[in-house]
Amino acid sequence: MINKIHTLGGYFHEYQKSLTNPDDFWEQQAECLYWRKRWEKVIDWNFEEPSINWYVNAKLNITESIFEKNLYTHGNNTAIIWEPNDPADEAITLTYRQLYEKVNQLANSLKILGVKKGDRVALYMPMVPELAIALLACARIGAIHSVIFAGFSAQSLSERINDAGAKVVITSDGGYRGSKVTPLKEIADEAMEHSPVVESVVVLKRTNTPVEMKAGRDIWWHDLMEGKDTECPAEEMDAEDPLFILYTSGSTGKPKGIVHTVAGYMVYTAYTFRNVFQYSRGDVYFCTADIGWITGHSYIVYGPLLNGAQTLMFEGTPTWPDAGRFWDIVDKHKVNQFYTAPTAIRSLLSLGNEYLAGKALDSLKVLGTVGEPINEDAWHWYHDHVGKNRCPIVDTWWQTETGGVLISPLAGITPTKPSFATLPLPGVLPVIVDNEGKELKGNSVEGNLCVKFPWPGMARTIWGDHERFRDTYFSTFKNYYFTGDGVRRDEDGYYRILGRVDDVINVSGHRLGTAEIENAINEHPLVNESAVVGYPHAIKGQGIYAFVVCPELSTGGEEGIRRSIKQGVTKIIGPIARPDLVQIVPGLPKTRSGKIMRRILRKIAEGDATNLGDISTLLDEDIVGQIIDSALVDVKH
Ligand code: WT7
């Protein structure tokens, strides 16, 4: 494959080249893709506004780099392998040509529904091939897709539909996840009661769950696709036209619609996929993420397909029918690269090695992790028992906003160290700054992780709120993109991600804003106020600990209110945001100016109140002792 690094020396050489002459470097990475009109300039940027433009004035359609460029040479190669939820059901494969035809049929269908370039289409679907088809059909006609993870509630779905102004929603009657069926259409119907912007709803039949079809608005996927042309000319897009919106949580306010644009995202996901995973033609690559998150966008759909890869999509869960499911899939489809989240590894580890017994796992060449820091125990278990000591692990650090991996080993090339994301990819210039924004140079330093120079895959804005984009990422430290993560660079110059330094928590690799959860809790009629923090959780990485003030609670009613608070959050946001622990407290530790001192609550939730630091600014110091006394974890103090 072209533009693939093969040796450590090659990596250092490329890295140097990318710093000395980024224009040449990124021009070279773009050459192997399909452009209708070349760029006039590679990068045009500033981090003040911020204004970030890559491949200026180039014209293209990302689906032409997936299909037109390659159909004659590998049209009959497998593009997608789909493994259904139930192992007794048959897997499905789609070749590049078959995928192309389905994408075009859906693209033509969407046009009939009136979808035009720049319109937004919301996708609320299970992990079925039609979801990938829907992404690509939108891209084909220049519509902006906005995937909403199928675990989100009706309210979360509705908010995202409204924020993006989506006029079409694609969903399915239901979705299988292990032994459960989620009635997606029913949830979508509830969402649409509050989303009058939606004109049409396309419904895929998957579970045969009974649904109500609203006349004039709802149409079955199979009826819509019936007889549609398998050719659909690709819409010509500008390099900087939006490709998609993906919502993610921040430390404050409602979720942000992160916007990625066509050309830079294309070049970046294609380049990083082939280099990080060292993908070779014919390999079978399996990423266990859901397409509802950025990992699925970049490394199930776009990155692999832009490289002509075989990408495996899995509908189900790691533990159903039993905890050997991933390993059965690896053996069945002879998976070569396997990419998952530390939380999945920890949960499988905790269930014991018997689920690995009898699994060959000999096709595996590369293992990957993403989404949260991986602890050393999990890393070693993965390395020894899954990879049988012969597969390099790529611990890939990145974010929804970065579009693709920024810091990671290149599989088999960069020497790894457990729990280190190791070194930046070519073109990526990480810096560590202290709280005053001073850059900490050299090795053995720790601080806030920023990036100094743009890379093609970075987000361009927040949908409808560019000012929030600037405030969130470019104003904390002048002239830097601020990631929100803490990091250490060790004596070898290796990066170790320490976790978020803001009010964002990472629960099972899902990113949640504490403020968002608090808002949901505060909707409970008996709750006055609340504060949510993360605490160490053996499987989830972080669990959700809520401190809640309910002054009118009658004695003995605690258990009931805990339950109803948890149910409330599940209803408002979705099951992923359900608090693990709810402690009813007489008050929250606040400063005289009324600010909640989360630092103290975090320490308590971590079980260590031996050193609470300066609490003299607290309005009521006694509150802290009272909270500790009735804490739901053991607290040293
Ligand atoms: C946050 C981004 C990138 C796709 C999945 C998550 C954390 C991500 C790692 C890693 C330590 C990691 C960071 C980051 N994170 N990868 N390899 N090691 N932490 O995307 O939902 O946008 O969350 O996930 O804290 O900021 P996301």
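What number of residues within region 102-145 satisfy the criterion of being assigned to a helix (DSSP H, G or I) and out of contact with any helix residue (DSSP H, G or I) (no Cβ under 9 Å at 6 or more places or on another chain)? Looking only at that region, the number is 0. When restricted to residues that are out of contact with any helix residue (DSSP H, G or I) (no Cβ under 9 Å at 6 or more places or on another chain) and farther than 17 Å from N336 by Cα, region 359-395 contains 2.
Here N435 fulfils each of the conditions (1) closer than 25 Å to V259 by Cα; (2) part of a loop (DSSP other than H, G, I, E, B); (3) away from the ligand (no atom under 15 Å from the Cβ); (4) of a type outside the set (D, E, K, R) apart from (1). Residues of region 475-486 that are of a type outside the set (G, A, S) and either more than 16 Å from the ligand (Cβ to nearest atom) or within 15 Å of K438 (Cβ to Cβ) (or both): T476, F477, K478, N479, Y480, F482. Residues in region 168-222 that are buried (at least 19 other Cβ atoms within 10 Å of the Cβ), in contact with a helix residue (DSSP H, G or I) (Cβ under 7 Å, 6 or more places away or on another chain) and among the charged types (D, E, K, R): D173 only.
Residue pairs whose Cβ atoms lie under 6 Å apart, sitting 6 or more positions apart in sequence or on different chains, and linking a residue in region 124-138 that is within 14 Å of L305 (Cα to Cα) to a partner that is of a type in the set (S, T, N, Q) and modelled with pLDDT of 95 or more, are L136/T63. Taken over region 287-313, the residue count meeting the criterion of being of a type in the set (A, V, I, L, M, F, W, C), within 16 Å of the ligand (Cβ to nearest atom) and outside any loop (DSSP other than H, G, I, E, B) is 4. In region 499-515, the residues that are assigned to a strand (DSSP E or B) form Cβ pairs under 6 Å with partners that are of a type in the set (D, E, K, R) and more than 7 Å from the ligand (Cβ to nearest atom), at six or more places apart or across chains, as follows: V507/K540. Annotation note: of G316, G368, G358, the sole residue that is more than 17 Å from the chain's Cα centre (by Cα) and either in a strand (DSSP E or B) or on the phi > 0 side of the Ramachandran plot (or both) is G358. Within region 390-416, residues that are of a type in the set (F, W, Y) reach partners that are modelled with pLDDT of 95 or more and within 12 Å of the ligand (Cβ to nearest atom) with beta carbons closer than 6 Å, at six or more positions or on different chains, in the pairs W397/I407; W397/A421; W397/I497; W398/V405; W398/L406. Filtering region 154-190 to residues that are farther than 18 Å from L246 by Cβ and either part of a strand (DSSP E or B) or in the same structural domain as V569 (by TED's automatic domain parsing) (or both) leaves S172, G175, Y176, R177, K180, V181, T182.
The values are calculated or read from the model by the stated rules, or taken from the named source; none is laboratory data. From a predicted model like this one, the values you see are computed outputs, not experimental measurements. Heads up, the Cβs are rebuilt from the backbone with ideal geometry, glycines too, and the neighbour counts pull from every protein chain shown.
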